[in-house]
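Peer 1: If you scroll down you'll find the structure; I have some questions about it.
Please treat every number below as a calculation from the coordinates, not as lab data. All values derive from a computational prediction rather than experimental measurement. Note: ideal-geometry Cβ built from the backbone for every residue, glycine included; neighbour counts use all protein chains shown.
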Amino acid sequence: MTTPVRPAGRIRPRHVLATPPRTVNRALIDSRIRPFAGGRAVLETIVDIFLHLDRHLGEFAKSYGSWTYGFLFLIVFLETGLVVTPFLPGDSLLFACGALAATGGFDPLTLFGLLSAAAILGDTVNYAIGKAIGPRAFSGKVRFLKHEHLMRTHAFYERHGGKTIFLARFVPIIRTFAPFVAGIGTMSYPRFLAYNVVGAVAWVGGCLLAGYAFGNIPVVKENFSLVILGIVAVSLLPLVVAYLRKK
C-alpha cells in the first residue's frame, strides 16, 4: 500500500519570534553620568580658582568689598584651626593677598593684623581640640583624623620639639596638625602660645610681604599659575626630604 504523497506547495516557515529592538534609556544614562560630570566641573573650578587666585580674589574683592576681609579671615582660621581642612590654601593665598594689596585692593596693615589674628586663633582652637581628645587620637579610631598625617606630624614634632609650632607654619598639612599634636602632648599652653604668636606673625607677614614686593612684577603676573605651583612645591619640600631620608 502506497503512502499518499502530499501535494507540493509553499513551505510555510516556522514562526520566528522577532526580538524587539533595544531602546536606549537616555534618561537613565544621563542620571548616571551627570554626577561624574558635575564632580568634574566642580574640580575644574577649584583648580582654576587655585591657579588664578590673583584674578578670582580681585573679582571677589570688587563684588563684596570689606566682606572679603572676613572671608579671608575664615579661610586662614579653618586652614590652621581644624584638622579636617588642611587642603585649604595657605601660603599661596597670602601671596596673592599681598600682590593685590600692592595694587590698592586691600589695606596691607588691616590684612596683616586680621590674618595674623586668624592664624593665632586657629592654632589655639586646634591646640584645645587636641587637648580635649588626648592620646586616643593616635589609636586610628577617630574618624575625622587622617592617621597618616597625624603620625607624620608627630615624627616632625619629635624631631624638632617646641620649634615645630614655629617651623610648621611654613609646611602645608604639618601646619594644620602641629598645634593638634602639641595639645595632645605635654607642651604647656604659655610655651605653645609664644611659638604660636611668633610663627603666625612671621608666616603671615613673610608671605604678604613677598606677594606685595614681587606679585606685580610683569613676569610673575603673567605666570602667576606657575608661581603658585612653585610656592606649593617649595612648601612641600621639607616633607619630601623627610620622606626620602626614611627611605
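Peer 1: Would you kindly state how much longer the chain becomes between residue 158 and residue 110 on full extension, computed as 0.36 nm times their sequence separation minus their alpha carbon distance, in nm to one decimal?
Peer 2: 13.7 nm
Peer 1: Quick check: residue separation of residue 84 and residue 136 times 0.36 nm, minus the Cα distance between them. What number comes out in nm?
Peer 2: In short, 17.0 nm is gained.
Peer 1: Right, another one. Hey, can you rank 74-84, 93-103 by average C-beta count inside 10 Å, highest first?
Peer 2: So the order, starting with the most tightly packed, is 93-103, 74-84.
Peer 1: Something else now. Residue 59 versus residue 103, label points 7 Å from Cα toward the beta carbon: distance in nm?
Peer 2: With each label point 7 Å from Cα toward Cβ, the separation is 1.3 nm.
Peer 1: Using θ = phi - 60° and the Karplus form 6.51 cos²θ - 1.76 cosθ + 1.60, what ³J(HN,Hα) does each residue of the range 90-104 get, whole Hz, x for Gly and Pro?
Peer 2: Taking θ as phi minus 60°, the curve returns x, 4, 5, 5, 5, 4, 5, 4, x, 4, 6, 5, 5, 9, x Hz for the range 90-104.
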